[in-house]
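Comments concern the structure below.
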Amino acid sequence: MVKFTSGQKQKKKGEVNMRENGNNVTRVCSFYVNDWHLTTMLLPYINKTINENKKVLTILESGIKDNIEELLSKMNLKAETQNRILEINWNSRPVCKFSKIKDEIKTLLKDVQAINIIVDGNKEYLEIANKNIDKVTKDIKDKEITVINCHEISKYKEINAILDKNDFVLNTSGIKEIKEVFTEYKTSENNKKII
């Protein structure tokens with residue numbers, strides 16, 4: 001069962017502070033087993049994001065629009081919230097060129113202080129999308145940007161390498177510290193993260 005909660009200002013147990021590093025870009029990874037798992041993991045997070053007046057950009061190799069629509073039809077959410085979730089582009093699309101990502105990010109950031117960029121696809125798709133996102137976001141210092149890279153677990157063998165590139169993990173209970181989800185995860189003496 002998916003539980004949506006209203007955005008509260010107090011930090012709850014297990015909640016993470018996303019801006020501790022002082023950087024404007026927070027990297028989050030997510031692992032899923034199929035598109036339904038991805039959908040049920042993302043929806044509560046997206047609901048919270050929308051309630052915090054943040055915008056969402058998706059860059060998806062395989063669309064999940066049908067899953068989003070079906071799950072929303074079974075949820076008891078306000079029509080306004082459902083509409084805002086449905087306004088997000090959940091369709092698949094080719095990996096965007098730098099200029100298109102730049103335009104989309106700048107358009108979304110006009111009215112808000114923070115955006116979430118959800119990227120899902122194979123390894124090459126994720127690498128190209130993130131390279132373009134990095135080019136755009138390196139000069140944006142006054143906004144908060146969260147990039148969530150979603151990985152279908154059966155397609156990846158090197159979980160360590162993925163964790164090394166991220167600050168947090170998104171799972172069905174929200175964004176968590178990596179060590180909360182992967183208890184054996186450590187940082188080595190030379191600051192390289194290892195499991």
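The values are calculated or read from the model by the stated rules, or taken from the named source; none is laboratory data. Being a predicted model, the structure only gives us computed values, none of them experimental. Note: ideal-geometry Cβ built from the backbone for every residue, glycine included; neighbour counts use all protein chains shown.
Kindly check whether there is at least one residue in segment 11-27 that is modelled with pLDDT of 90 or more, of a type outside the set (Val, Ile, Thr) and in contact with a Phe, Trp or Tyr (Cβ under 8 Å, 6 or more places away or on another chain). For segment 11-27, residues modelled with pLDDT of 90 or more, of a type outside the set (Val, Ile, Thr) and in contact with a Phe, Trp or Tyr (Cβ under 8 Å, 6 or more places away or on another chain): present. In segment 135-153, the qualifying residues are those that are free of Cβ contacts under 8 Å to residues at least 40 places away in the same chain and assigned to a helix (DSSP H, G or I), and the one that is nearest to Glu52 (Cα to Cα) is Val136.
Let's see how each residue does on (1) of a type in the set (Lys, Arg); (2) within 20 Å of Val28 (Cβ to Cβ):
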residue	(1), (2)
Asn83	no, no
Phe98	no, no
Val147	no, yes
Tyr156	no, yes
Ser173	no, yes
Lys186	yes, yes
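When segment 154-181 is filtered for residues that are under 21 Å from Glu124 (Cα atoms), in contact with a strand residue (DSSP E or B) (Cβ under 6 Å, 6 or more places away or on another chain) and free of Cβ contacts under 8 Å to residues at least 60 places away in the same chain, only Asp164 remains.
Note on segment 95-115: residues that are of a type outside the set (A, V, I, L, M), surrounded by 17 or more Cβ atoms within 10 Å (Cβ to Cβ) and touching an Asp or Glu at 6+ places or on another chain (Cβ under 9 Å) amount to 1. Cβ separations smaller than 8 Å between residues 6+ apart or across chains give no pair from segment 105-127 residues that are under 27 Å from Lys155 (Cα atoms) to residues that are assigned to a strand (DSSP E or B) and aromatic (Phe, Trp, Tyr).
Within segment 83-102, the set of residues being at pLDDT below 90 and either acidic (Asp, Glu) or in a loop (DSSP other than H, G, I, E, B) (or both) comprises Arg93, Pro94, Val95, Cys96, Lys97. With respect to the conditions (1) at pLDDT 90 or above; (2) touching a helix residue (DSSP H, G or I) at 6+ places or on another chain (Cβ under 8 Å), Lys176 falls short on a single one, namely (2). Please go through segment 31-79 and give me each residue that is farther than 11 Å from Trp90 by Cβ, surrounded by fewer than 19 Cβ atoms within 10 Å (Cβ to Cβ) and of a type in the set (Lys, Arg), ordered by number. Listed by number, the residues that qualify are Lys48, Lys54, Lys74, Lys78.
Note on segment 55-76: residues that are closer than 20 Å to Thr172 by Cβ and under 14 Å from the mean Cα position of the chain (by Cα) amount to 3.
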